[in-house]
Structures are given as structure tokens and as C-alpha cells.
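Visitor: Pasting a structure below so you can have a look.
The values are calculated or read from the model by the stated rules, or taken from the named source; none is laboratory data. This structure is a prediction, so every number in the text was calculated from the model and none was measured. Heads up, the Cβs are rebuilt from the backbone with ideal geometry, glycines too, and the neighbour counts pull from every protein chain shown. The protein model used for the area step is the full one, side chains on, heavy atoms only, and it has no ligands, DNA or RNA in it. Shrake-Rupley method; radii C 1.70, N 1.55, O 1.52, S 1.80 Å.
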Amino acid sequence: MKRALVLYAHPCEESFAASVHHTVVTRLRANDWAVDDCNLYEEGFSPVLSGPERRAYHDIGPNTLPVQDYVERIRRARALVMVFPVWNFGYPAILKGFFDRVFLPGVSFGMVDGKVQGMLHNIRRVAAVTTYGGTRTRATLAGDPPRRIVMRALRKTVHPGASFRYLALYDMNRATHVQREAHLTRVYREMDAF
């Protein structure tokens, strides 16, 4: 079954990110994906890794107990689509916290002979759909951490042959209506081809 986990990380329902999120979910469903729409803010996901969680981080099995529902959701997914804004050249805290708390040893990776080995081989497609307040040049000069994490680090945790898409609208602070609509059209097409 085509099952996609959509991680959405924006607190404002009137935002452009909400329009992007709506487009992603609508187009995936129109193309026969079973969508697990995980709106981290609406679900009240806590991004805070507690002291006890950190101490049990490497205790495979018990480490998943505080976030078991999210672990099961990501294990059921065949695709992962993240919809988020880039703030201060990084993920919103709630999405970063999701990675910290859910992408655990024994869930997204294991250690084999001292090397990280990906474990989310059920995930065969990944897309990040995002906006940046600044230009691509500014993001590149800052190292563009969100893009690098998706295209490099996340790649190590999923199926080795997984396809990746990174759909970014840069310079959102000055984007015109035409540019925003063009980004939505690109997202529409990419999700149709997903």
C-alpha cells in the first residue's frame, strides 16, 4: 500500500505553509496515497527531549516508549513528506524535536561495527517542501543546514535506493503572488509525480 507520512510544522493556519501543506495532502490523496497527516502543532507534539529520555536514548526498545505512536507511524510509512518553513537557517523547533525524539537508535539507525546503519528501509520516497525567508545565496553561505540534513543525513536512515526531492521557495519575505503561485504549482506537479 502507498502510505505517506506527512510531517507538517507550522503554527499558523493562515500561513503560506498551510497552503503548501494543503496542496501536498490533497495531491497525494488524489494519487491514491493513504496519507497519515501529522500536524505536529495540532497534535501537541512536545519537541523537548527530557533527561530520562536522553539517559534511555541508547536503550533499544524502552527508548521508544515516550513516542511509541510516532515510531509506529513512521514504521508504517512508505514515503515521508516534510512541510516546514526554514527559520534562522534551521528547522522549526517542533520538527527538530521530532527528529531528536523519534529518529532513535533501533528506529531510524543502528550501530554496526561502530558505523551508523539506516533502519527505515520501509521509506522509499522522501520529499521536503519548504520556504526560506532569505535568498538561496544567503542560505548557501550559511551552509543551508535543512537541505544538507535532508539530502545527506536523512538519506542514510532510509532505504538505500530511496528517491529524494527538495522543493524550496527562497526569498519568501519578498516573494510575489506570482512566485508563490508558481511554487504551489511546482508542489502540485511534484506530488502528482511522487
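Visitor: Please count how many residues of the stretch 182-194 are assigned to a helix (DSSP H, G or I) and either closer than 22 Å to residue 139 by Cα or open to solvent by less than 70 Å² (accessible area, probe 1.4 Å) (or both). Full working, then the answer.
Guide: Our first condition is that a residue be assigned to a helix (DSSP H, G or I); within the stretch 182-194, this holds for 182-193.
Among the residues that remain, those that are also either closer than 22 Å to residue 139 by Cα or open to solvent by less than 70 Å² (accessible area, probe 1.4 Å) (or both) are: 182-187, 190-192.
Qualifying residue count for the region: 9.
Visitor: Considering the stretch 148-178 alone, what residues qualify as being among the charged types (D, E, K, R), within 19 Å of residue 20 (Cβ to Cβ) and open to solvent by 70 Å² or more (accessible area, probe 1.4 Å)?
Guide: Keep residues of the stretch 148-178 that are among the charged types (D, E, K, R), which gives 148, 152, 155-156, 165, 171, 174.
Then drop every residue that is not within 19 Å of residue 20 (Cβ to Cβ), which leaves 165, 171, 174.
Across the stretch 148-178, the qualifying residues are 165, 174.
Visitor: Would you check which residues across the stretch 1-11 are open to solvent by less than 50 Å² (accessible area, probe 1.4 Å) and either free of Cβ contacts under 8 Å to residues at least 12 places away in the same chain or outside any loop (DSSP other than H, G, I, E, B) (or both) and list them?
Guide: Hits for the stretch 1-11 are 4, 5, 6, 7, 8.
Visitor: Further question: Here is a check on your reading of the model: is residue 18 touching a His at 6+ places or on another chain (Cβ under 9 Å) and either at pLDDT 95 or above or open to solvent by less than 50 Å² (accessible area, probe 1.4 Å) (or both)? Break it down stepwise before answering.
Guide: Values: touching a His at 6+ places or on another chain (Cβ under 9 Å): yes; either at pLDDT 95 or above or open to solvent by less than 50 Å² (accessible area, probe 1.4 Å) (or both): yes.
Judged against the criteria, residue 18 is a match.
Visitor: Now for a separate question. Being open to solvent by 50 Å² or more (accessible area, probe 1.4 Å) and among the β-branched types (Val, Ile, Thr) is the filter here; which residues of the stretch 21-37 pass it?
Guide: As a first pass, look at the stretch 21-37 and keep what is open to solvent by 50 Å² or more (accessible area, probe 1.4 Å): 22, 26, 29-30, 32, 37.
Across the stretch 21-37, the qualifying residue is only 26.
Visitor: If we scan the stretch 24-45, do we find a residue that is of a type in the set (Ser, Thr, Tyr), modelled with pLDDT of 95 or more and within 16 Å of the chain's Cα centre (by Cα)?
Guide: Restricting attention to the stretch 24-45, the residues satisfying the condition of being of a type in the set (Ser, Thr, Tyr) are 26, 41.
Pick out the ones that are also modelled with pLDDT of 95 or more and you get 26, 41.
Still in the running and within 16 Å of the chain's Cα centre (by Cα): 41.
The answer is yes; a qualifying residue exists.
Visitor: Continuing with the same structure: Within the stretch 38-83, track down each residue that is surrounded by fewer than 16 Cβ atoms within 10 Å (Cβ to Cβ) and of a type in the set (A, V, I, L, M).
Guide: 48, 49, 60, 65
Visitor: Strands (runs of 3 or more DSSP E) wholly in the stretch 56-160 with at least 1 residues that are out of contact with any Leu (no Cβ under 6 Å at 6 or more places or on another chain) and within 26 Å of residue 191 (Cβ to Cβ) - which ones?
Guide: Working: elements: 79-86, 109-112, 115-118, 125-132.
Correct list: 79-86, 115-118, 125-132.
Visitor: May I pose another question? Test residue 140 against the criterion of being among the hydroxyl-bearing types (Ser, Thr, Tyr), open to solvent by 80 Å² or more (accessible area, probe 1.4 Å) and over 14 Å from the mean Cα position of the chain (by Cα), and give yes or no. Reasoning before the result, please.
Guide: Values: among the hydroxyl-bearing types (Ser, Thr, Tyr): yes; open to solvent by 80 Å² or more (accessible area, probe 1.4 Å): yes; over 14 Å from the mean Cα position of the chain (by Cα): yes.
For residue 140, the condition - among the hydroxyl-bearing types (Ser, Thr, Tyr), open to solvent by 80 Å² or more (accessible area, probe 1.4 Å) and over 14 Å from the mean Cα position of the chain (by Cα) - is met.
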